[in-house]
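The values are calculated or read from the model by the stated rules, or taken from the named source; none is laboratory data. Note that the structure is a prediction, hence the values are computed from the model and not measured. Note that we place each Cβ from the backbone using ideal geometry, even for glycine, and neighbour counts take in every protein chain shown.
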Amino acid sequence: MSTLRTLVGSGRLLVVPGAANALTARVIEDCGFESVYVTGAGLANTHLGVPDIGLLTFSELVAHVAAIREAVSVPLIVDADTGFGNPINVRRTVRDLERAGADAIQIEDQTFPKRCGHFAGKNVIPAEEMITKIRAAVDARRDDDTLIVARTDARAVAGLDEACTRANAYRDAGADVVFLEAPRSEAEVETVAARVRGPQIINLVHGGVTPMLPERRLRELGFAIALHANLPLLAGIKGIQDALHTLRGGTAPGESQLASWAERQRLVRRPEFEELEARYTTQEGTP
């Protein structure tokens, strides 16, 4: 059984921060978290400098997943947006992301181009169409321990009842984990926990529409995964802005605002590369 499947089935809440690049994933792992969420919104924001409105390409996502996989050993939950097309496209999406190192692949039932789950103006495809995508994803995976995560954005479009109905239908279609995006109150979160079967994700977005409930309460409700998909990105933006405002004001940022040189080199594993350089360096002309 895979580490991620074991964690999801453990009955405890798995708290998963999001990463938009390999270094952020390394920091998440270094801080002791057991999994990393490869965030599509974060990739769009950092790689392209654009909002999460479906502009990131499939090849860009695969390349980032491969880089992150090389950097960390913890399981990766990968945001694959709408699966990049119809069920045939979803098959390729799953195969390529699995090959790149994904331990779980999330697809959603929005129309293309999708929008951030906490943006207005979303729309969803018919539930039957999404079910065919889930079946294609399940059929496509080469490893049965690769988790298929099915997300529904129907709450914002058709209401909570429809969203719960869809989530259960997606579970019945073969999704290992379901993800009802953007419940709008603690009461709605409680309803989702009670009415939707199987392991569930809740997405806690700072500034979003879902209340920031404490971990204790989420554990009581039985959620399997609590995503903090963009928390590291928001913290990074604020830290960069603070340091640059200080510099713009005529003073170099102090040590309290910055990671040290040594910490930076440790995180990128410079000592390991120095050992490799020493191993492969010729001595006195002898390989």
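Of all residues in region 1-41, those satisfying the criterion of being touching a residue at least 12 places away in the same chain (Cβ under 8 Å), of a type in the set (G, A, S) and over 28 Å from L56 (Cα atoms) are S2, G9. One residue alone among R197, R219, R266 is outside any helix (DSSP H, G or I), modelled with pLDDT of 95 or more and of a type in the set (K, R), and that residue is R197. Across region 241-261, the qualifying residues are those that are under 29 Å from the mean Cα position of the chain (by Cα) and part of a helix (DSSP H, G or I), and the one among them that is surrounded by the fewest Cβ atoms within 10 Å (Cβ to Cβ) is W261.
Of all residues in region 168-214, those satisfying the criterion of being acidic (D, E) and under 20 Å from I77 (Cα atoms) are D176, E181. Checking region 189-202 against the condition returns a match, with at least one residue being under 25 Å from D30 (Cα atoms) and either under 23 Å from the mean Cα position of the chain (by Cα) or surrounded by 13 or more Cβ atoms within 10 Å (Cβ to Cβ) (or both).
Between E108, E34, the distinction of being surrounded by fewer than 17 Cβ atoms within 10 Å (Cβ to Cβ), charged (D, E, K, R) and modelled with pLDDT of 95 or more belongs to E34 only. Among the residues of this structure, T210 does not count as one that is surrounded by fewer than 17 Cβ atoms within 10 Å (Cβ to Cβ), among the β-branched types (V, I, T) and part of a loop (DSSP other than H, G, I, E, B). Selection of region 37-55 for residues being modelled with pLDDT of 95 or more and part of a loop (DSSP other than H, G, I, E, B) yields T39, G49, V50.
For region 1-14, residues that are within 16 Å of D79 (Cα to Cα) and surrounded by fewer than 24 Cβ atoms within 10 Å (Cβ to Cβ) total 0.
Any residue at all in region 42-57 that's in contact (Cβ under 8 Å) with a residue 60 or more places away in the chain, of a type outside the set (S, T, N, Q), out of contact with any strand residue (DSSP E or B) (no Cβ under 8 Å at 6 or more places or on another chain) and under 27 Å from R264 (Cβ atoms)? No, because not a single residue in region 42-57 is in contact (Cβ under 8 Å) with a residue 60 or more places away in the chain, of a type outside the set (S, T, N, Q), out of contact with any strand residue (DSSP E or B) (no Cβ under 8 Å at 6 or more places or on another chain) and under 27 Å from R264 (Cβ atoms).
Residue count for region 181-201 under the criterion of being within 26 Å of A235 (Cβ to Cβ) and touching a helix residue (DSSP H, G or I) at 6+ places or on another chain (Cβ under 6 Å): the result is 2.
G121 fails exactly one of the following numbered conditions: (1) without any contact (Cβ under 8 Å) to a residue 24 or more places away in the chain; (2) surrounded by 22 or more Cβ atoms within 10 Å (Cβ to Cβ). What is the number of that condition? Only one criterion in (1) without any contact (Cβ under 8 Å) to a residue 24 or more places away in the chain; (2) surrounded by 22 or more Cβ atoms within 10 Å (Cβ to Cβ) is unmet by G121, namely (2).
So that you can scan it fast, the table gives a plain yes or no per residue for (1) within 22 Å of Y170 (Cβ to Cβ); (2) basic (K, R); (3) touching a Ser or Thr at 6+ places or on another chain (Cβ under 7 Å):
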| residue | (1), (2), (3) |
| --- | --- |
| R5 | yes, yes, no |
| E34 | no, no, no |
| D52 | yes, no, no |
| V65 | no, no, no |
| E70 | no, no, no |
| P75 | yes, no, yes |
| D79 | yes, no, yes |
| V94 | yes, no, no |
| L97 | yes, no, no |
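Please tell me if A158 is aliphatic (A, V, I, L, M), touching a helix residue (DSSP H, G or I) at 6+ places or on another chain (Cβ under 6 Å) and in contact (Cβ under 8 Å) with a residue 12 or more places away in the chain. Against the criterion (aliphatic (A, V, I, L, M), touching a helix residue (DSSP H, G or I) at 6+ places or on another chain (Cβ under 6 Å) and in contact (Cβ under 8 Å) with a residue 12 or more places away in the chain), A158 does not qualify.
Could we say that A25 is touching a strand residue (DSSP E or B) at 6+ places or on another chain (Cβ under 7 Å) and modelled with pLDDT of 95 or more here? In short, yes.
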